[in-house]
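What follows is one structure encoded as structure tokens, with my remarks underneath.
No lab work stands behind these numbers, since they all come straight from the coordinates. Bear in mind the structure is a predicted one, so any value in this text is a computation, not a measurement. Here the Cβ is made from the backbone with ideal geometry for all residues, glycine too, and neighbour counts use every protein chain on show.
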Ligand code: C2E
Ligand code: CA
Ligand code: CA
Ligand code: CA
């Protein structure tokens, strides 16, 4: 037993070492990526359930690494958050998304909104509000075109502070949405107090629709509650026709998912959704 304990210990430290080497590589790589313009944004359309019209685009960050290829956020967002690099990365994402939306509006006319993800770590940065304000001023984007997505769990880390910052954003005129809704155990009191326009139901409640009774009940309940509070309901991760028809029946306001499109490059998004009649 002693022998085995020792082996386990060695295995454990080896695994830890591998992990920390990987993290260090990612951290160093991210600094390089910021300095050498290796980050990219992909855009995924949000579709109005009633009309089928594309009303919004969610900006999702990718890392075009010279050797690793296109790297997805699940491989680097954690490291970015832990090292604080999410602050400059988030500022880059915000600027890029605002510039892109501005270009689309100038070339092609009215545009619904562009949604940008903001993580909990960014909310701890006292400059977040100024960064958003300055970026809107510098890019000339109408604040009402920008939507910030904040996860429910980020809000619950420090609800009072978040509430204050959200009120500042509200004053600026940007739209606010709670992301991954249903996963963060937030009290309903907060939902009523937050100056938000929409909730985004998490994909975990969509995967087993329309077969799973629990998922159905939750989606129904969240939608009814949100509508009662005059909030718009967005559903992410819609992949199948059966999910689509259930969500349409429930009168969820807008939908996002592979069923409509995967996140695509700005050029592709423009071709597929703007040139062909984005409203
Ligand atoms: P999220 O904000 O919940 O974004 C939705 C994720 O689900 C995206 O993954 C999207 O590509 C994926 N998705 C969309 N439709 C479907 C579908 O029908 N089926 C399935 N299986 N997946 C779908 P992605 O782009 O890999 O992003 C993962 C997460 O990384 C995001 O989750 C978000 O939390 C974070 N993230 C992405 N971009 C940014 C960013 O610019 N800033 C921050 N702070 N976080 C970001
Ligand atoms: Ca999101
Ligand atoms: Ca989400
Ligand atoms: Ca999610």
Q.
If you restrict to DSSP beta bridges whose two residues both lie in the range 24-166, what percentage is antiparallel, to the nearest 5?
A. 55 percent
**Q.** the range 90-236: relative contact order in percent, alpha carbon pairs under 8 Å with at least 6 residues between
**A.** 19 percent
Q) Counting other C-beta atoms within 10 Å, which of 65, 167 has the fewest, and how do the rest follow? A) 167, 65
Q. If each residue's Cβ is checked for other Cβ atoms within 10 Å, how do 190, 43 rank with the fewest at the top?
A. 190, 43
Q. At what distance in nm do the modelled label points of residue 32 and residue 183 sit from each other, each positioned 7 Å from its Cα along Cα→Cβ?
A. 3.0 nm
Q) Counting DSSP beta bridges with both partners in the chain, what percentage is antiparallel, nearest 5? A) 40 percent
Q. Roughly how many nanometres apart are two label points built 7 Å out from the Cα toward the Cβ at residue 17 and residue 48?
A. 6.0 nm
(Q) At 0.36 nm per residue, and after removing the present C-alpha to C-alpha distance, how many nm does the segment from residue 67 to residue 142 gain when stretched out fully? (A) 23.2 nm
Q: Measure off 7 Å from each Cα along the Cα-to-Cβ vector at residue 157 and residue 124, then give the distance between these two points in nanometres to one decimal.
A: 0.6 nm
Q.
How high is the relative contact order of the chain? Use alpha-carbon pairs under 8 Å, at least six apart in sequence, and give a whole percent.
A. 19 percent
Q) Using the C-alpha atoms of the chain, what convex hull volume per residue, in cubic angstrom, is computed? A) 167 Å³
Q. How would you rank 236, 82, 38, 267, going from fewest to most other Cβ atoms within 10 Å of each one's own Cβ?
A. 267, 82, 38, 236
Q | Mean separation of Cα contacts under 8 Å, 6 or more apart, over the residue count of the range 51-131: relative contact order % | A | 38 percent
